[in-house]
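First up is the structure itself, then whatever we jot down about it.
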Amino acid sequence: MSNRIAPKLLAEFIGTFALIFIGAGAGAVVGDGVGLPGLIAIAFAHGLTVMAFAFAYGSVSGGHFNPSVTVGVLAAGAMSAGEAFGYIVSQLIGGVAGALLLKTVLGGAATGLGMPALAHNLALGATTLTVTPWAGFVIEAVLAFFLVTVVLTTAVAGRAGNLAPLAIGMTLTLNIIMGGALTGAAFNPARALGPMVATGNFSDAWLYLSAPIVGAIVAAILHTSLVRLAHEGMAAAAARTPAE
């Protein structure tokens with residue numbers, strides 16, 4: 001491992017480890033059935049953790065802490081395939097390590113360790129809702145799309161300057177407030193896999209591992225298309241200026 005890539009992989013490991021230990025830990029401690037206040041607490045635990053560590057390690061690794069973000073950045077052409085592979089391995093290991101430590105300090109897996117799950121008979125107003133795997137796939141993909149879009153347009157494109165971690169952290173928070181009660185709002189394969197390994201429960205693993213990747217790729221395609229159109233528009237305007 002070169003001296004250049006090692007700090008990046010360590011930063012991704014630590015950031016993902018923290019996200020699972022604090023974010024999933026908040027889900028385990030707060031638990032289910034606590035209503036909107038509890039959901040907001042869990043959402044901010046995730047969002048503030050990502051924001052803090054993105055500020056800390058953004059200049060080192062970019063502060064992905066999420067394989068779907070890494071796939072999106074790769075698909076947008078902003079990193080190499082080899083580097084992306086290293087990031088994803090570090091993130092997955094960090095996620096599993098964070099969940100295993102959480103299991104240790106909480107005395108086992110009885111709390112569920114914040115593992116995401118599809119809602120069953122969720123009370124919504126005058127009705128109840130059960131989220132099907134297909135609906136869950138769409139929700140997770142859309143939430144990942146939102147996150148990767150914000151990452152690409154703020155951190156990667158540099159449009160938010162030093163405030164990119166704030167935008168990314170708030171996107172994570174808003175996503176969880178909307179989707180937390182429906183799917184657990186992981187939209188992060190490392191966030192889902194860690195508690196799954198620690199609990200030995202791999203229910204709907206295909207959904208939580210694949211849907212965020214699909215959302216990330218769509219976000220990258222849209223981002224690169226918009227950038228290309230913007231460049232073409234500026235080139236056309238520059239070409240017209242001498243004639244005028």
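The values are calculated or read from the model by the stated rules, or taken from the named source; none is laboratory data. These numbers were taken from a predicted model, which means no experiment stands behind them. A quick note on method: Cβ atoms are made from the backbone with ideal geometry, for glycine too, and the neighbour counts reach across all protein chains shown. Keep in mind that these areas ignore ligands, DNA and RNA; they rest on the heavy atoms of the full protein, side chains included. Shrake-Rupley method; radii C 1.70, N 1.55, O 1.52, S 1.80 Å.
Are any residues in the stretch 65-79 of a type outside the set (Ser, Thr, Tyr) and either touching a residue at least 60 places away in the same chain (Cβ under 8 Å) or open to solvent by 30 Å² or more (accessible area, probe 1.4 Å) (or both), and if so, which ones? Within the stretch 65-79, Phe65, Asn66, Pro67, Val69, Val71, Gly72, Val73, Leu74, Ala75, Ala76, Gly77, Ala78 qualify.
Val227 falls short of the stated requirement of being part of a helix (DSSP H, G or I) and at pLDDT 95 or above. Look through the stretch 9-39, keep the residues that are open to solvent by 30 Å² or more (accessible area, probe 1.4 Å) and modelled with pLDDT of 95 or more, and return whichever of them is nearest to Met170 (Cα to Cα). Here the residue is Ile22.
For the stretch 80-101, the count of residues that are in contact (Cβ under 8 Å) with a residue 12 or more places away in the chain, farther than 23 Å from Met196 by Cα, open to solvent by 20 Å² or more (accessible area, probe 1.4 Å) and assigned to a helix (DSSP H, G or I) is at least one.
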